[in-house]
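Each remark here refers to the structure printed beneath this line.
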Amino acid sequence: MLVKGYYDFSLRKGGAPFRTASEFETQMLAYFRLDGDISQLFPYINAVAESASLLEKPPFIRFVLDRYSCGLYPDHGVAASFITSQEALGFLDRLIDFLNDICARRDSLKPNYKKWNPVPVLQIFRLLPQTNCRSCGYPSCLAFAAALSTQKTSPERCPGFSRPISTQVVYPVLDKQGNLMSTVTLEFDPGHLGCKPAPVEPPNPGKGATKGHDYLAAPLTERELEVLRLMAQGATNMEISSSLQISPHTVKSHVINIFNKLGVNDRTQAAVLALRHELV
């Protein structure tokens, strides 16, 4: 999926003036449309670009390229800041080359699906001791809150930061090409996050189950574990049938048995329980 180019280019005044050698000049923003939908490149841009932030709704990514700020939607974008149209056009040519280079290297890059969900600065400020003790390295609690909102620091830098009551971890469900299909979110007690998981004993061929199944009314068989593992990866019944070389009818029977043993009604619930209890 190569990006052929851009069109509907325009420059508009925006941003604060800055001083040159002899006068004040106004910075300008470059607006443009892209020839095609590049949203599938967003996780890869998020992985390699400087100061990248990926948003989910609407699909949008912002980053810095050659000291210029750039924001991209699936088929259009904006970049800043420029003095002349020649400067802006030169950057857009560089941007197209950058996107096509990422496209060419997709198979060797590890995509970053982490989304940036900014929290208002004042909401973060309410969590702080508000003593301006400077232990965090910032001149005030408000400055620390602003830095935390933009992910330039971490809560651990503040000794008086409120302790979380829960922590969510988001796992990606990918297709065979590595594209994000959906996500599974698990919630943990933060006191457990730093602990090593309990060791899982290897399967016992005589029993067809592992110790991790003790919470189940009936243990999963080895074949059901294989089906569950593929389900958690987002595979359909037909894909499972092809991968395990069993009939679609047999796959359907295994899926029903898995649902009954786990006490769930759909594949997402099964995947969540499988991850939570380390069955896959």
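Of all the residues that make up region 74-83, how many are modelled with pLDDT of 90 or more and surrounded by fewer than 18 Cβ atoms within 10 Å (Cβ to Cβ)? Number satisfying all stated conditions: 4.
Assess whether Pro111 counts as being more than 28 Å from Ile61 (Cβ to Cβ), of a type outside the set (S, T, N, Q) and either assigned to a loop (DSSP other than H, G, I, E, B) or touching a Cys at 6+ places or on another chain (Cβ under 7 Å) (or both). So Pro111 does not fit the description; no. Determine whether region 123-140 contains at least one residue that is open to solvent by 30 Å² or more (accessible area, probe 1.4 Å), at pLDDT below 90 and in contact with a strand residue (DSSP E or B) (Cβ under 6 Å, 6 or more places away or on another chain). Checked against the condition, which is being open to solvent by 30 Å² or more (accessible area, probe 1.4 Å), at pLDDT below 90 and in contact with a strand residue (DSSP E or B) (Cβ under 6 Å, 6 or more places away or on another chain), region 123-140 yields no hits at all. Across region 201-217, a minimum of one residue is classified as at pLDDT below 70, farther than 19 Å from Pro118 by Cβ, part of a strand (DSSP E or B) and open to solvent by 40 Å² or more (accessible area, probe 1.4 Å). Filter region 25-63 down to the residues that are of a type in the set (Phe, Trp, Tyr) and more than 19 Å from Asn112 (Cβ to Cβ), then identify the one that is surrounded by the most Cβ atoms within 10 Å (Cβ to Cβ). Per the stated criteria, the residue is Phe32. For first residues located in region 261-273 and at positive phi, partners that are of a type in the set (A, V, I, L, M) and buried (at least 16 other Cβ atoms within 10 Å of the Cβ) and lie 6+ apart or on another chain with Cβ distances below 8 Å do not occur. Among the residues of region 98-108, the ones that are in contact with a Leu (Cβ under 9 Å, 6 or more places away or on another chain) and either small (Gly, Ala, Ser) or not in a helix (DSSP H, G or I) (or both) come to 1 in all. Kindly indicate whether Ser149 is surrounded by 15 or more Cβ atoms within 10 Å (Cβ to Cβ), free of Cβ contacts under 8 Å to residues at least 24 places away in the same chain and of a type in the set (S, T, N, Q). No; evaluated as a whole, the condition is false for this residue.
Counting the residues of region 227-238 that are open to solvent by less than 70 Å² (accessible area, probe 1.4 Å) and in a helix (DSSP H, G or I) gives 6.
Looking only at residues that are surrounded by 12 or more Cβ atoms within 10 Å (Cβ to Cβ) and within 29 Å of Ser108 (Cα to Cα) in region 158-178, which one is modelled with the highest pLDDT? Residue satisfying both the conditions and the ranking: Val173. One residue stands out among those in region 36-58 that are modelled with pLDDT under 90 and part of a loop (DSSP other than H, G, I, E, B): the one that is farthest from Ala147 (Cα to Cα), which is Gly36. Assess whether Leu89 counts as being open to solvent by less than 40 Å² (accessible area, probe 1.4 Å) and either assigned to a helix (DSSP H, G or I) or modelled with pLDDT under 90 (or both). No. Among the candidates Glu50, Glu56, Glu156, the residue that is under 14 Å from the mean Cα position of the chain (by Cα) and among the acidic types (Asp, Glu) is uniquely Glu56.
The values are calculated or read from the model by the stated rules, or taken from the named source; none is laboratory data. Bear in mind the structure is a predicted one, so any value in this text is a computation, not a measurement. Neighbour counts run over all protein chains shown; Cβ positions are idealised from the backbone, glycine included. Just the protein is used for accessible areas: all its heavy atoms, side chains included, with ligands, DNA and RNA removed. Shrake-Rupley method; radii C 1.70, N 1.55, O 1.52, S 1.80 Å.
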